[in-house]
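The values are calculated or read from the model by the stated rules, or taken from the named source; none is laboratory data. This one's a predicted model, so the numbers in the text were calculated from it and none came from an experiment. Cβ atoms come from the backbone with ideal geometry, glycine included; neighbour counts cover every protein chain shown. In case anyone asks, the SASA skips ligands and DNA or RNA and just uses the protein heavy atoms, side chains included. Shrake-Rupley method; radii C 1.70, N 1.55, O 1.52, S 1.80 Å.
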Amino acid sequence: MTFQVELVSPESISYSGEAEMVIARTLEGGDIAFQPGHVPFIGVLAVWSVDVIRSDGARDTIAVHQGFIQVAGTKVSILSDVSESAGDIDVARAEEARSGAEQALAADREDEDAAGALARAELRLRVASA
């Protein structure tokens, strides 16, 4: 049994497909896995990856920069301002962003913008190497 997964951003549907399981990280409860028949759920996503496990056992890993996840019936909807699959990530740019964020944090450990930029860059690099 599978369900439909859609990852939607303001510009487009960045992922659409069937899955046996979806694993995401929420701000409220940490990592959570959804399988067909899961009770209805709405949560706020952390800056982390979403793993879509297809019926053939393959895994699609997508970097999601916060957003929301909703599970209802046979559908999982993920709404995010920014999402990137491994093939869409510019590794050199992510490494440059990580370096810049680390320098900014070295100068000011309280710089929330730099901390967010570092988290996003590290996520991109982790997903690109998955």
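For the range 31-40, residues that are in a strand (DSSP E or B) and surrounded by 14 or more Cβ atoms within 10 Å (Cβ to Cβ) total 2.
The residue pairs whose first member lies in the range 105-130 and is touching a residue at least 60 places away in the same chain (Cβ under 8 Å), whose second member is assigned to a loop (DSSP other than H, G, I, E, B) and open to solvent by 80 Å² or more (accessible area, probe 1.4 Å), and whose beta carbons are closer than 9 Å, counting only pairs six or more residues apart or on different chains, are R124/D90. The listed residues are R93, R25, R59, R54, and the only one of them that is surrounded by fewer than 17 Cβ atoms within 10 Å (Cβ to Cβ) and either β-branched (V, I, T) or under 19 Å from R120 (Cβ atoms) (or both) turns out to be R93. State which residue is nearest to L79 (Cα to Cα) when the search covers only the range 10-22 and only residues that are open to solvent by 20 Å² or more (accessible area, probe 1.4 Å) and in contact (Cβ under 8 Å) with a residue 24 or more places away in the chain. Once the filter is applied, the top-ranked residue is P10. Every listed requirement among (1) surrounded by 17 or more Cβ atoms within 10 Å (Cβ to Cβ); (2) basic (K, R); (3) in a loop (DSSP other than H, G, I, E, B) is met by R109 save one, (1). Within the range 62-88, the residues that satisfy the criterion of being open to solvent by 20 Å² or more (accessible area, probe 1.4 Å), more than 17 Å from P10 (Cβ to Cβ) and out of contact with any Asp or Glu (no Cβ under 8 Å at 6 or more places or on another chain) are A72, G73, T74, A86, G87. Where strands (runs of 3 or more DSSP E) sit wholly within the range 43-93, those with at least 1 residues that are closer than 18 Å to E20 by Cβ and within 11 Å of the chain's Cα centre (by Cα) occupy 59-72, 75-79.
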